[in-house]
Amino acid sequence: MKKTTIFRKLLESDETIVMPGSYDPLSASIIEKAGFKAVYMSGAGAAAAVLNAPDLGFMTMTEVITQARNIVNAVDVPVIADSDTGYGDALNVTRTAKEFERAGVAGVHMEDLEKHQCGLHTNKTLLSTEEMLGRIKAFKDSLQDNDFVLIARTDAICAIGGGVEEAIKRANLYVEAGADAVWVQEPPVPMQTNEMFEKVAKSVKAPLMAAAGYNKHSISQFEEWGYKIVFYPTLYLQSTMKYLVDLSRDIREKGRDKEFCKTLPERGVSFEEFMSLTEFDEHQAIRDKYSPK
């Protein structure tokens, strides 16, 4: 079964889709091996991992597509990717749709921002509703695979001239234009309320996506509110970064301490698990099979 079809069936099922956010093929593979049925490719994570850049649109479409394709090739489960603003107007969006489809992802989300930036920022500038509706229609009309999922993201809650009501209105219009699901981008955590999540869930007539990991809400809480997709955009990368910061500090400060160095092998996975996670034996078996004896 195609990965697009697998994800489409998940979207139409009663099951909540839980997607940890990957940033490279290794993190995606580890997520899959942990038993998750889908993987999210974080745009912010990819920008940090590939360019050491913030989530401000530094990654070109070609760079994002390359990272998405590498992640897709590393896992057997569907991958949902971040396509930012679609990389231009409706004409550019037609190419964006085709390139992500060729890369093998099962779907993307596309936002209604005039210029891409991290969703948790405030005072963002929105596209006109009409412009975003045209981009959604252009994207959908450019697809060959009807099971490919387009998730429309609206940043209206914390945009200039926006708010919750504007976000709900836009979300429903985006669904009418052809979006398969909606992500109403949450405001910064101090501005989030349970009432906001509930109101959005009750008012938007489509499968809803919500970001967890920042706000300490559980999967069951999002299920209670009525959200279909719960994902963790950058939690995995943030956790990795914290470990690297702590380990680098400790080695710099304690690396000459013999007793400290004895504990270092316990700080990460074992070498055997490292080899297992990168599937050394499986790949070595292929080499042995086809190489001269």
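The values are calculated or read from the model by the stated rules, or taken from the named source; none is laboratory data. Computed from a predicted model, the values in this text were never measured in an experiment. Virtual Cβ from ideal backbone geometry, glycine too; neighbours counted across all protein chains shown.
I'd like the full set of residues that are within 24 Å of ASP145 (Cα to Cα) and hydroxyl-bearing (Ser, Thr, Tyr), limited to the range 23-52.
Once the filter is applied, which keeps residues that are within 24 Å of ASP145 (Cα to Cα) and hydroxyl-bearing (Ser, Thr, Tyr), the range 23-52 yields TYR40, SER42.
With the range 51-170 as the region, which helices (runs of 4 or more DSSP H) entirely inside it contain at least 3 residues that are under 30 Å from THR278 (Cβ atoms) and aliphatic (A, V, I, L, M)?
Here the list reads 61-74.
Are any residues in the range 79-93 closer than 18 Å to LEU127 by Cα and crowded, with 18+ Cβ neighbours inside 10 Å, and if so, which ones?
Selection gives ASP82, SER83, ASP84, THR85, GLY86, TYR87, ALA90, VAL93.
Kindly indicate which of ALA97, ALA103, ALA74 is assigned by TED's automatic domain parsing to the domain that holds ARG153, under 19 Å from GLY178 (Cβ atoms) and crowded, with 19+ Cβ neighbours inside 10 Å.
Unique residue meeting the criteria: ALA97.
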